[in-house]
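Trainee: Sharing a structure with you now.
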Amino acid sequence: MDQPRQSVPCLSTLTPVPRLEDLVLRDRSHDCEGFGEHGICVKVDAVAELPTRFGRFQVVAFWNNRDGKDHIALVHGNILDQKEVLVRLHSECLTGDALGSLRCDCRDQLGVALQRLSAEPNGVLLYLRQEGRGIGLLNKIRAYSLQDDGLDTVDANLALGFRDDERDYAVAAHMLASLTVRSVRLLTNNPKKVEALEKYGIHVAGRIPHVIPANEHNRFYLQTKANRSGHFIDLDGKPHVTEQNEPVLITPEAPPDAS
């Protein structure tokens, strides 16, 4: 059964501003009932220029009232009060993003997403501190050890006492609301991200496939994400085509060549 969309509790107080930098002053005294069952409230704490090898971005740092983790947004172009903004939700992966691990596709997903965003008129990547699908770095390494002994990524999480995926996208929904993004085109293979944003009141106007071809080290991991976690992944790098009974909308534009 589809979950009802929740109202966005603080949109009436999150007024549009002329520049990203103005969000800091706007949010200085922001406090709301929050998003989701844990009442997550975030506010913009700092904004700075961030030139990268993928293009020029502005980095937006958020404070939140729940876990003290420093979530950020990388913003390209003008996203303020805009509709159908291309958005990527990227969960932190130290082993992949920083160390170049081949056990996952996270580093390639991050790089291709930033390239994609920098080629758009506007876009935003939310970098969420949800290591290991929300179980943390230490437990992710423990899960790796269990995978070395033959478990897949789902059974390894379950063996440690966690669900397949412990991430909560309430903080992401509030971040998008704080940025006054009115609707998004979501760059993802995970239909649960679409469902979560919609549940928290963020309109998802379309889903863009974000498939990275497998390598010999992560093929089983990606196969598990497709077969057991419901991700739309073809191991040869082909995008999933929507079936008639699927609620997720694929926008018509084709992804650019990432080579």
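Trainee: Report the Cα centroid-to-centroid distance between region 86-156 and region 183-211 in angstrom, as an integer.
Mentor: 17 Å
Trainee: Rounded to the nearest 0.05, what FRET efficiency do Thr52 and Ile141 give with R0 = 22 Å and r taken as the Cβ-Cβ distance? Could you check?
Mentor: The computed FRET efficiency comes out at 0.20.
Coordinate-derived values only; no laboratory data. Predicted model only: the values in this text are computed from it and were never measured. As a convention, Cβ positions derive from the backbone with ideal geometry for all residues, glycine included, and neighbour counts pool all protein chains shown.
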